[in-house]
Amino acid sequence: MDAEGQESFREFVATRSSVLLKTAVLLSGGDRHAGEDLLQNAMIKAAGRWHRIDEPEAYVRQILYRQQVSRWRLKWPRRETSVAEPPEGTVGADAPEATELRVVMCGALARLTARQRTVLVLRYFEDLPEADVARLLNCSVGTVRSTTHRSLARLRALAPELAALAPSGAERQPSRDFSPVEVRP
């Protein structure tokens, strides 16, 4: 990579890595360390092809999604285990209800399978249409629809408290703040 490419890559990492990390953490079930590993591997792959990439963020996101799919297909799951979670950063002026909703949602997402979690993250957090999700995951649109339906049903079963914690007016609207659950009155 030439000096101009290195500078361009450094600028991209500095400006976009925090946004990409949020997606990586969600894809890895709320495990920040696994999300960091996922993003770091994606950045390494992107750095090797940097001079040929037209849309860097889209390219890195595609790497993230495909690496997550590859993890599903491993014969044996990762053998690493996290023993202690570092304390979360300061929340700021976040309302206690929103914090509780976020904690419950992250816990519920962590209990979904990797495939279910990935489909929900792509559909509701990334706000991608079904056709784009199907293309990214190399499956049919029907598979995305059925997986989304089953994932939401399982999410509701795993965390029924989400219906009580959902902010008013959030019914039936996808949100970027970890609430892909339709709240039924």
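No lab work stands behind these numbers, since they all come straight from the coordinates. Small disclaimer: the values here were computed from a predicted structure and weren't measured. Methodologically, a virtual Cβ is constructed for each residue, glycine included, from the backbone with ideal geometry; neighbour enumeration extends over all protein chains shown.
Key figures
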read-out	value
Under the Karplus curve 6.51 cos²θ - 1.76 cosθ + 1.60, θ = phi - 60°, whole-Hz ³J(HN,Hα) for segment 145-154, x wherever Gly or Pro sits	4, 5, 5, 4, 4, 5, 5, 5, 4, 5
14 Å cut-off, amide nitrogen to a point 7 angstrom out along E161 Cα→Cβ, residues in segment 102-121	102-109
Gain on full stretching of the segment that runs from R66 to E11 - 0.36 nm per residue minus C-alpha separation	17.4 nm
